[in-house]
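Asks: Below you will find the structure I want to go over with you.
The values are calculated or read from the model by the stated rules, or taken from the named source; none is laboratory data. Remember, it's a predicted structure, so these values are computed and weren't measured experimentally. We place every Cβ from the backbone using ideal geometry, glycine too, and count neighbours over all the protein chains shown. The area values use the complete protein model at the heavy-atom level, side chains included, leaving out ligands, DNA and RNA. Shrake-Rupley method; radii C 1.70, N 1.55, O 1.52, S 1.80 Å.
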Amino acid sequence: MPDSRLAPLQAEHIEHLQSAYADILSQQGYDAVLISSGAAPMRYADDQAHHHHGYGHFLHWVGLSDVEHSWLLVEKDGRVRLWLHTPVDFWHAVTPVPNEGWTRLIEVTGQDGTDAPDIPYPDRLAVIGDPTQIQSAPGDANPPSLLAALDNLRVIKTAYEVACMDQASAIAARGHNAARDAFMAGASEFDINLAYQQATGQRETRAPYHSIIGLNEHAGTLHYQHYDNLTPRRPRSLLIDAGARYRGYCSDITRTTAAPGENRFGALIAGLESLQKRLCDAVAPGVDYIELHQRAHRGLAALLKASELVQDIDDDAMVAKGITRAFFPHGLGHFLGIQVHDVAGKPRPAPEHAPFLRLTHSLKPGMVVTIEPGLYFIPSLLDPLLDSADGQYLNRSLIDELRGCGGIRIEDNVLVTEAGARNLTRTHLPV
C-alpha cells in the first residue's frame, strides 16, 4: 500500500543499499548478485503448498513478503532490476506491478515464468536464495562469504526500516489489547486468537510467526502451538506472544495477564515487568548483550527471593547454581527485523551458561533487539531441581500453588540510539 510519509525514507533506504551492495560486491569479487524471492514448497504427496514469507535479502530491498518466483538483480554500478512473477492465472490472484515511488529506483518488469530471467548476465555473478529455487539459475550459488556480508548489512537498521517496525508494533498493540479483553471476558485460546487477528487485520499466514497463546499451564510451554476451543474451568492466566508485519518488517511482543483473584501471580507479573523495564532502560551503545542477559538473571534472583519462591540462598549463589535458569531457561532476546529472529546475531558463540541465547553482540546504534525475560513453572525443569540437593532452597508449596498459571514473559522491541534506546513497543502498548 502506498504511504507518502514513508516514500522519502524508502528512497534513502534503497540508495543506502545500492551503495552498500556496490562495496560488498567489489570486496567479494562479483559484478552482480541475483536474489530469488523464493516460493512456497509443496507438501509431500499433496497438491497444497506451505506458507511463504519471502527470502530476507529479497525483502530487504522491496518488502513484498507474499510474492513468489520473482527475481532481483543488483549490479555493482547501482542498477537494480526486479522481475515480478505475473502469470496469466485464473486459479489465483496475481500481484500487480507496483505503482509506487520506489519503482523509480528499481526497474520493475512482469514475467510469466518462474525461472531466472533470460538476459545477458555479468561474468562474475552470484545467485542467492533457497537452494531448491536457484539450482538452475546462473552464477555462484550462495557463496558463504557474500551471504555473511549481506547478513551483517542487515544488523544496523535504516530510518525506513525503523519506521516500518514501529508501524508493525502499532498494529500488534491493537491485537494485544483485544486479546487481553477477550481473555478477561472468558474467551478460549482459539477465540483469543480470532480477536487478535480481527484487531490486527492480518491472517495467521501473513503474521511474522505463529502466535503463542497459552492459558493457565499452557503458558509454561515456551512455544506453545495449539489453541484449545474450550475455556478452562478456572482461567488463571494468559500469555500471548504475537506480532505483526508491515512492508515485510516484524514486531514481536509478549504480554502476560493474571485472571481476577490471582493476586500472587499478578504480583509476580508486576515484579517481572519492573525488571523488564529496567533492562529495556539499560539498552545503550556499547552494552554487552551477554552481560545484559546475566543482569536479567541477577534481577530474577532478587524477584524469586522477594516472592519467597526461593529462600535461604544469596542472589549470586542462586545464579551460579543454575537455579534461576530453571525458572528462566531461554535467552533474553534477539535481533528483530525482516525476520523475527533476524540474521547475524551471534558473532560469538553463546556462553555455556546461556546456551539458547540468540544475541551475543555489543550493542550499536541502529540495532533493534527484543528484551524478554521470563519466569516459568515448567515441570521438566523444576522437578529435577526440587529432587536435587538444591531443592532445599525452593518453596515447594508455593511453586505447586503457581504451577497452574504456567509462566510469565514480557517482551518489548527496542531500538538502540546514539543516546541510549527507544522502546518501539511501549509507545503503543504502555502496559
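Asks: For Cys405, what accessible surface area do you get with a 1.4 Å probe? Give it in Å², rounded to 10.
Replies: My reading of the accessible area for Cys405 is about 0 Å².
Asks: What is the mean projected area of the alpha carbon convex hull for the chain, to one decimal in square nanometres? Working shown, then result.
Replies: Working: hull surface 90.4 nm².
Across all orientations, the chain yields a mean hull projection of 22.6 nm².
Asks: Just to be sure I understand the model, the point goes 7 Å from the Cα along the line to the Cβ. What's the resulting Val97 to Ala185 distance in nm?
Replies: Taking the simple label geometry, Val97 and Ala185 are separated by 4.6 nm.
Asks: Right, something else. What are the GluC sites (Glu not before Pro) within the stretch 347-431 that DSSP puts in a loop, where the Cβ has at most 14 other Cβ atoms within 10 Å?
Replies: Passing sites in the stretch 347-431 are Glu352, Glu418.
Asks: To check my understanding: the extent here is largest minus smallest coordinate of the Cα atoms along each principal axis. What are those three numbers for the stretch 217-366, in Å, largest first?
Replies: Computed over the Cα atoms, the extents are 46, 46, 25 Å.
Asks: Enter the angle in degrees (range 0 to 90, nearest 10) between the Cα long axis of helix 289-306 and the first principal axis of the Cα atoms of the chain, meaning the one along which they spread out most.
Replies: Approximately 20 degrees, to the nearest ten.
Asks: Related question: Rank-order 167-179, 297-309 by packing density, defined as the average count of other C-beta atoms within 10 Å over each peptide's residues, highest first.
Replies: On the way: 167-179: 22.9, 297-309: 18.8.
Going by the mean number of other Cβ atoms within 10 Å, highest first, we get 167-179, 297-309.
Asks: Ignoring ligands, DNA and RNA, please state the percent of accessible area on the chain from carbon and sulfur, probe 1.4 Å.
Replies: The computed percentage sits at 51.
Asks: May I pose another question? How much mean residue ellipticity at 222 nm does the chain get from its helices, if each DSSP H run of length 4 or more adds -39500 (n - 2.57) and you divide by all residues, to the nearest 500 deg cm²/dmol?
Replies: -10500 deg cm²/dmol
Asks: Compute the angle between helix 189-200 and the longest alpha-carbon principal axis of the chain, please, reported from 0 to 90 degrees and rounded to the nearest 10.
Replies: 50
Asks: Can you pull the accessible area of Val80 for me, 1.4 Å probe, Å² to the nearest 10?
Replies: Accessible area of Val80: about 0 Å².
Asks: Could you give the C-alpha radius of gyration of the stretch 94-246 expressed as a fraction of 2.2 N^0.38 Å, taking N as the number of residues it contains?
Replies: 1.45
Asks: On to the next question. log10 I(q)/I(0), Debye, Cα-only the stretch 1-151, no solvent, q = 0.12 Å⁻¹?
Replies: -0.51
Asks: If you don't mind, another one. For a quick check, take a GNM of the chain with Cα springs below 10 Å and name the residue from Ala244, Ala11, Ala49 with the largest mean-square fluctuation.
Replies: Evaluated over the chain, the most mobile residue of the options is Ala49.
Asks: Which is the longest stretch in the chain that no exposed loop site breaks, taking sites as chymotrypsin sites (Phe, Trp or Tyr not before Pro) with a DSSP loop state and at most 15 other Cβ atoms within 10 Å?
Replies: Details: sites that count: Tyr44, Phe90, Trp91, Phe356.
Result, exposed sites excluded: 92-355.
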